[in-house]
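The block underneath contains the structure these notes are about, expressed in structure tokens.
The values are calculated or read from the model by the stated rules, or taken from the named source; none is laboratory data. Every value quoted in this text rests on a predicted model; they were computed, and no experiment measured them. Quick reminder, even Gly has a Cβ in these numbers, built from the backbone with ideal geometry, and neighbours come from all protein chains shown.
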């Protein structure tokens, strides 16, 4: 049975077509952001390096979908690590981006004590 109603969109994460489609959506979003900032009079030399890359935006999108699928609960560093690792496994072309983002955001798993030792 498939859920219906206003909450049905959050019941299951939507299925994505391909990495190419995700990248096209991200590219379009970034182009829109750049256009809006240029229209607002901002200097592209000042803001272009602040924007995420297309692949970073794709990873953020997939991460957001995983958060929604998890009841919109923010995750611990260990969960963030698992979610991003899963993204890298599902989309091997994003692996370098995922690992860089893991390091930049501090989403590395923390060692857990075992028998009193780390």
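Table for the structure above
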read-out	value
Tabulated pairs, region 67-96, first at negative phi and at pLDDT 90 or above, second crowded, with 16+ Cβ neighbours inside 10 Å and outside any helix (DSSP H, G or I), C-beta under 7 angstrom, 6+ apart or interchain	84/107
Residue match in region 1-8 (condition: modelled with pLDDT under 95, in a helix (DSSP H, G or I) and surrounded by fewer than 16 Cβ atoms within 10 Å (Cβ to Cβ))	yes
Scan of region 24-63 for residues that are under 12 Å from the mean Cα position of the chain (by Cα), in a helix (DSSP H, G or I) and surrounded by 15 or more Cβ atoms within 10 Å (Cβ to Cβ), ordered by number	26, 54, 55, 56, 57, 58, 59, 61, 62, 63
